[in-house]
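**Student:** Mind having a look at this structure? Questions to follow.
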Amino acid sequence: MNLEKIYSDLLLNIGFSANEVQQNWLNLEKAYSKKSRHYHNLTHLKEMIVSFEMYHDQLQNPNEVLFSIFYHDYVYSASKKDNELKSAEFAVSIFTDIKPDRFLKPVGFAEFDRQLVFDAICATQQHQHNSIEDINWLIDFDLKILAKDWDDYKIYFEQIRKEYRIYPDFLYKPGRAKALKHFLENEFIFQTDEFRSLYEEKARINIEKEILLLT
């Protein structure tokens with residue numbers, strides 16, 4: 001997968017100039033390639049885009065969803081709790097030619113909904129069901145990792161542990177277990193019917209197994 005081409009085609013379609021596209025790509029690539037990112041990196045974006053491409057026809061606003069994928073973890077620090085908000089703010093800030101009181105930018109004969117991008121990225125913090133179906137798809141693309149085969153899931157949670165290496169086990173383990181239990185307490189982990197039918201059971205089994213390892 002050529003991530004740069006997908007990104008460039010998207011921004012050109014939205015209306016950015018070639019120079020703007022190149023600079024924005026360099027900034028994005030740098031952000032997702034930091035040494036501290038063991039999971040929330042370019043590989044994570046590629047996996048989400050695989051799902052995006054598979055379910056593209058289900059989306060009402062595919063450009064906005066794809067843009068949200070690229071920027072949903074743009075700001076990421078294991079010690080911060082406002083990563084999603086900061087990422088959403090940055091995502092909409094690159095539309096420097098838009099007045100602050102406007103949330104729509106022309107895309108050919110259509111419009112690019114900047115507000116949808118902001119709301120979608122913020123929604124990846126709590127992963128709760130949303131009244132906007134496109135946002136539910138984005139949430140599910142983000143959480144699909146939870147339903148991987150166990151060996152891949154194990155790599156995932158080991159990568160997460162590395163990102164939180166500043167915390168000793170006596171702090172990390174109960175915190176991680178609490179976050180995982182929150183998923184199990186919800187009626188559903190996944191927000192779309194498609195993902196529930198395909199991945200819900202496997203995700204719950206993986207999470208339960210990880211919780212046992214943490215306790």
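**Student:** Among the residues of segment 50-74, how many are surrounded by fewer than 19 Cβ atoms within 10 Å (Cβ to Cβ) and of a type outside the set (D, E, K, R)?
**Tutor:** Within segment 50-74, the first condition is being surrounded by fewer than 19 Cβ atoms within 10 Å (Cβ to Cβ), and the residues that meet it are 50-51, 53-60, 62.
Narrowing the set further to residues that are of a type outside the set (D, E, K, R) leaves 50-51, 54-56, 58-60, 62.
The qualifying residues number 9.
**Student:** Sticking with this one: What are the residue pairs meeting all of these: first residue in segment 23-42, first residue over 12 Å from residue 8 (Cβ atoms), second residue polar (S, T, N, Q) and in a helix (DSSP H, G or I), Cβ atoms under 6 Å, and 6 or more apart or on different chains?
**Tutor:** Listed by first residue and then by second, the contacts come to 38/159; 39/159.
**Student:** Identify, please: which residue in segment 168-212 is hydroxyl-bearing (Ser, Thr, Tyr) and closer than 29 Å to residue 59 by Cα and is, among those, surrounded by the fewest Cβ atoms within 10 Å (Cβ to Cβ)?
**Tutor:** Taking the candidates together, the pick is 197.
**Student:** Please find, among 152, 140, 119, the residue that is at pLDDT 95 or above and open to solvent by less than 20 Å² (accessible area, probe 1.4 Å). Quick ask: steps written out before the conclusion?
**Tutor:** Details: 152 fails: open to solvent by less than 20 Å² (accessible area, probe 1.4 Å); 119 fails: open to solvent by less than 20 Å² (accessible area, probe 1.4 Å).
Residue meeting the stated conditions: 140.
**Student:** Filter segment 201-214 down to residues that are under 21 Å from the mean Cα position of the chain (by Cα) and in contact (Cβ under 8 Å) with a residue 24 or more places away in the chain and give me whichever is nearest to residue 141 (Cα to Cα).
**Tutor:** Step one: of segment 201-214, the residues under 21 Å from the mean Cα position of the chain (by Cα) are 202-204, 206-207.
Next cut, in contact (Cβ under 8 Å) with a residue 24 or more places away in the chain only: 202-203, 206-207.
Numbers: 202: 15, 203: 13, 206: 17, 207: 17 Å.
Applying the filter and picking the extreme gives 203.
**Student:** Tally up the residues in segment 65-84 that are over 14 Å from residue 141 (Cα atoms) and in a helix (DSSP H, G or I), please.
**Tutor:** The initial filter retains those residues of segment 65-84 that are over 14 Å from residue 141 (Cα atoms), namely 74-84.
Now restrict to residues that are in a helix (DSSP H, G or I): 83-84.
Number of matching residues: 2.
**Student:** Let me ask something additional. If the requirement is being over 28 Å from residue 117 (Cβ atoms) and of a type outside the set (Lys, Arg), which of these qualifies: 143, 212?
**Tutor:** On the way: 143 fails: over 28 Å from residue 117 (Cβ atoms).
Testing whether each residue is over 28 Å from residue 117 (Cβ atoms) and of a type outside the set (Lys, Arg) leaves just 212.
**Student:** Here's a follow-up. Residues of segment 1-23 being open to solvent by 20 Å² or more (accessible area, probe 1.4 Å) and assigned to a helix (DSSP H, G or I), which ones?
**Tutor:** 4, 5, 6, 8, 9, 12, 13, 18, 19, 20, 22, 23
The values are calculated or read from the model by the stated rules, or taken from the named source; none is laboratory data. Since the structure is predicted, the reported quantities are computational estimates derived from the model, not experimental observations. Neighbour counts are summed over all protein chains in view; Cβ atoms, including those assigned to glycine, are modelled from backbone coordinates with ideal geometry. Side chains included, ligands, DNA and RNA excluded: accessible areas come from the protein's heavy atoms. Shrake-Rupley method; radii C 1.70, N 1.55, O 1.52, S 1.80 Å.
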